[in-house]
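See below for the structure under consideration.
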């Protein structure tokens, strides 16, 4: 059991989210959270009238601290899981929530803000997009402080801050974390390069070239990644009215390809990233506008609260990390949720790196597993609900 996150002489008990994770060895905050909290408190940068924007708070360590002061806090996140984790941790610590406002990465930023606290994301594209949005919204009077693990703040990272915000300095490292301070300048604003658009050549089972749009926080922003490209070669042929879930859909290229081959299929795109779902929807609307009505788009924690038991096929390329932590709990949840949602005889088809040994999980959950395709890096597996 972890010791509590202690701030303002108050113990906060914070969980990673979702709570029922197989790996309970990972704590819900890091040294950068502590450094940001301690710096802001020691400098007296917040009072009851301060309006604070917090970007990319993973599980609520920052939000929980600054909700204690009664000031207005705006949480901006692309992760549905992080948003739910923040809400969970505020509730379990009996903290006020009427002063907390949740915005997605696609929403306009709130105006008249005094302070931005910024957890540096893993994605450099998301970093660029968010800094451009900040620069284009706020004036030179804004106080901006970012934080991350010291080993992840490279000279190239600081150049991104310098380019898009203005004069950039850093703190000394404390507990292997570092802060970044930026003074916004009054130079001309930047046009965001996102979403990016690229062409996808015909890939089985589709015979059409697609124009693919990707928001900043969506994987493979300029071309199809190797795993998805290999998976596309092993997509099954489906009949009319087949009910398919593209789980962890990203830009939706799997469901898009399947729908192009079988225009009467019904595809449900699910992802925990708001930008991923927006990208998937845009790609269906642009490439297959006549089939939009047969598609559903949901931001969700895997298949939580999706109670159907009549799904024919679930396609999944599961992640093996959450934020910067390597973990297999997301794959476990995806496979268990797929088993629940599938009808008898329904299939879960996945791809993964060979060393991840997903066949062991599938055998434990489904009682069967079949290898569909393999090469020196990836393996495509199928499991059926019997």
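Here are the numbers:
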| read-out | value |
| --- | --- |
| Tally, over the stretch 332-348, of residues that are touching a helix residue (DSSP H, G or I) at 6+ places or on another chain (Cβ under 8 Å) and either at pLDDT below 85 or buried (at least 21 other Cβ atoms within 10 Å of the Cβ) (or both) | 2 |
| Filtered residue count, the stretch 102-119, keeping only those that are part of a loop (DSSP other than H, G, I, E, B) and without any contact (Cβ under 8 Å) to a residue 60 or more places away in the chain | 5 |
| Residue count, the stretch 1-13 (criterion: in contact with a strand residue (DSSP E or B) (Cβ under 8 Å, 6 or more places away or on another chain) and modelled with pLDDT of 70 or more) | 5 |
| Evaluation of residue 190 against (1) surrounded by fewer than 20 Cβ atoms within 10 Å (Cβ to Cβ); (2) in contact (Cβ under 8 Å) with a residue 40 or more places away in the chain; (3) not in a loop (DSSP other than H, G, I, E, B) (one fails), failing number | (3) |
| Boolean, residue 87 is crowded, with 21+ Cβ neighbours inside 10 Å and either at pLDDT 95 or above or closer than 26 Å to residue 270 by Cβ (or both) | no |
| Criterion: modelled with pLDDT of 95 or more and in contact with a strand residue (DSSP E or B) (Cβ under 6 Å, 6 or more places away or on another chain) - qualifying residue of 142, 127 | 142 |
| Residues that are more than 16 Å from residue 236 (Cα to Cα), under 26 Å from the mean Cα position of the chain (by Cα) and surrounded by 13 or more Cβ atoms within 10 Å (Cβ to Cβ), drawn from the stretch 355-386 | 356, 358, 359, 361, 362, 365, 378 |
| Residue satisfying all of: in the stretch 144-153; touching a residue at least 40 places away in the same chain (Cβ under 8 Å) and surrounded by fewer than 19 Cβ atoms within 10 Å (Cβ to Cβ); farthest from residue 39 (Cα to Cα) among these | 152 |
| Residue within the stretch 305-312 that is at pLDDT below 95, more than 26 Å from the chain's Cα centre (by Cα) and closer than 28 Å to residue 266 by Cβ present | yes |
| Flag if residue 180 is touching a helix residue (DSSP H, G or I) at 6+ places or on another chain (Cβ under 7 Å), surrounded by 15 or more Cβ atoms within 10 Å (Cβ to Cβ) and closer than 13 Å to residue 119 by Cα | yes |
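To keep it simple, each residue is scored yes or no on (1) under 21 Å from the mean Cα position of the chain (by Cα); (2) modelled with pLDDT of 85 or more.
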| position | (1), (2) |
| --- | --- |
| 15 | yes, yes |
| 22 | yes, no |
| 29 | yes, yes |
| 42 | no, yes |
| 67 | no, no |
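Conditions (1) touching a residue at least 40 places away in the same chain (Cβ under 8 Å); (2) under 22 Å from residue 13 (Cβ atoms), marked per residue:
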| residue | (1), (2) |
| --- | --- |
| 27 | no, yes |
| 33 | yes, yes |
| 37 | no, yes |
| 53 | yes, no |
| 72 | no, no |
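The values are calculated or read from the model by the stated rules, or taken from the named source; none is laboratory data. Everything quoted here is computed from the prediction, not taken from an experiment. Using ideal geometry, Cβ is built from the backbone for each residue, glycine included, and neighbour counts are taken over all protein chains shown.
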